Structures are given as structure tokens and as C-alpha cells.
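Beneath this line is the structure, given in C-alpha cells, with notes to follow.
Nothing in this text is a laboratory measurement; each read-out follows from the coordinates by a stated rule. What you see is a predicted model; the values in this text were computed from it and never measured. So basically every Cβ, Gly included, is an ideal-geometry build from the backbone, and we count neighbours across all protein chains shown.
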Amino acid sequence: MMDRVDADDVPGTQLIRRIASLLRVLAMRNRSGGVRLVDLCEDSGLGKSTVHRILQALVAEGLVTQDHNSKRYFLGKSMYEMGLAAAPRQQLRDICHPLLQAVAEQTGDTAYLSERAGFDGICLDRHDGSYPIKAFVLEPGHRRPLPAGCGNLAILAALPEDQIRRICGVNSARVQARYPRLTESEIAQRIQRTQRDGYALTDAMETADVSSVGMCIRNETGMPIGAISISALTTRLQGRHLDNAIEFIAEAVREAELRIRRTRLDPSRLGVVRGHDGVAGIRRLENLR
């Protein structure tokens, strides 16, 4: 029997991890103007010469591109092509996109779709509502630890208790470094409130005077895999508007879970979900007015 090889002992492992770290930083800021070399160094904790050498190799391979005017770096076309090839057959974004659009239209607020990725949550999609003052909290591709953020909290609180403890423990150092006011006690209280209420209600992590409310989406086995949430001015997201927003999100989540079960049983229906199959769910949302 072959001995198990520790990943840290494999030649090149450190370089691969450094590349992955840089690509994650680029993915988080790809739609918000790219990333400067100095910011990549700061966010990744790597030296300038190391980051520059890696970036030049990634640019040569088409995985990263650099704007010649601003000198900022972006993900390259090859990354997009790989993403398409790696996309799962049952894509949560495809299933939820028309429902997210309906929630944004009915509430007037910015709606978000998040998906669990191990110990983190990733923003998959965003749709802006008609309310003139926008609450932009996340960009698609933005990644945060599961204990941080409204959609992430909705996912985390729905997990079994042993998984919650493990995820919070693994993320403890990262959360404290990036969000100092999110103490262990505060996270525990937020989880308890979310479990009690059936939805997460939080202040935005990076934007002042903005609040968010969201609910988790479960797969066919009942495990939380994603969340739909909205963000709005704190003075707006209360009272009847908050109650209506919760109702719209709940209906969207129920429709999403129905589609997940349907496509799980009949994968050929994915093409329908991507297209006109969103009409029925949107009409149900409209009937809640």
C-alpha cells in the first residue's frame, strides 16, 4: 500500500498556493476596477518581487491581464474559459437568476445570491432594484468567511452544530483580522437569532448605514448550499418594508428549492430553468403584493 503524501511535501505546492491566493484576490476585485500590484502584495502577504514574477507568468498564459494605462491587473480570458468548463451541471446562478431579479424588482433594493464554498461564501449574482439610493455591498465573485455577511450567516446558521463550530474555529483568525467587531460572542448571538427567526438580519460589514436580510437555500437533501439576500439603507429596511422583503425572499427561496429538486431528478430541464421557466415563479412573487 502506498504511503499518503502530505500536500506540503509535494514540490511546487507553495507556488501553487501563492498563485491561488493571488487569483482569489483578483476575482474579488475583478469587476471593481482591478487590482494594483501594491494591493496584491498587501492582501496576499507576499513580497513585491514574488508577486511580480508570478503575475508575469500568469499574463503570459492568458490567466491574468494588465491594463496598460492604469497598470491594474484583471483576470484573463483563459480564466473565464476555464470557469465555463468547470461549471457544475446544476448551476445555482442559472436556477436563481430570474428569482433574484424578481426580488430586486419587487423590493426596489439590491438583491444578492451567495453560494457556500467550503468554509467561505461567494457572491454569485447581483441584481439592482429601482430605489434611487443603492446599497452596493458585494460584487459577484467576492469571497468572505462564512461567519461574515448576511447571506453567509443564513447558510452557516442552517448547518449542523458540529459544522458550525468547525467553520467558526477555522475562520476565527481571518474574521478577527478583517472584521474586528465580529467577536466570537457576537457571531454566536447572530447565529442564534437567525436560527430563531428563520432569516438573517445584519448590518453591512463594509458599508455604513446599510442593513441586509437573507434566507438560506437548501438542496434536495436539506443541506444549505446558498442564500438570497437584499441590502438597503438601515432606515429603509424596517417595519412593513422589512416584512415584505422577508416574504418575497421566502417565496423566491421556496421556488429555488423546488427547481433544484426538479433539475436533480431531470437534468434535461436545466435549459428550461435558464430560459422561460422563471415566469411562473416571478408571477407568484408578484401575487404577494
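Tabulated data
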read-out: Global geometry of the range 109-207, whether rounded, prolate or oblate, following the gyration tensor of its Cα atoms and the 1.5 cut on a/c; value: prolate
read-out: Ranked packing of 143-153, 186-196, most packed first, by mean Cβ within 10 Å; value: 143-153, 186-196
read-out: Amide H within-cut-off set for Val210, under 5 Å, with H built and near neighbours excluded; value: Ala204, Thr234
read-out: Trypsin sites (Lys or Arg not before Pro) restricted to the range 47-125 and DSSP loop, no more than 14 other C-beta within 10 Å; value: Lys71, Arg89
read-out: Under Karplus coefficients 6.51, -1.76 and 1.60, residue-wise ³J(HN,Hα) of the range 59-70 in Hz, glycine/proline x; value: 5, 4, 8, x, 7, 9, 10, 10, 6, 5, 7, 7
read-out: Spin-label pair Glu247/Ile16, simplified geometry with 7 Å Cα→Cβ offset, distance in nm; value: 5.2
read-out: Radius of gyration and Dmax over the Cα atoms of the range 87-286, both given in Å; value: 16.0, 46
read-out: Cut-off under 5 Å, modelled amide H: who pairs with Ile217 long-range; value: Ile225, Gly226, Ala227, Ile228
read-out: Interchain or long-range residues, amide H under 5 Å from Asp120's placed H; value: Leu146
read-out: Relative packing of 105-113, 129-137, 255-263, which averages over residues the other C-beta atoms within 10 Å, highest first; value: 105-113, 255-263, 129-137
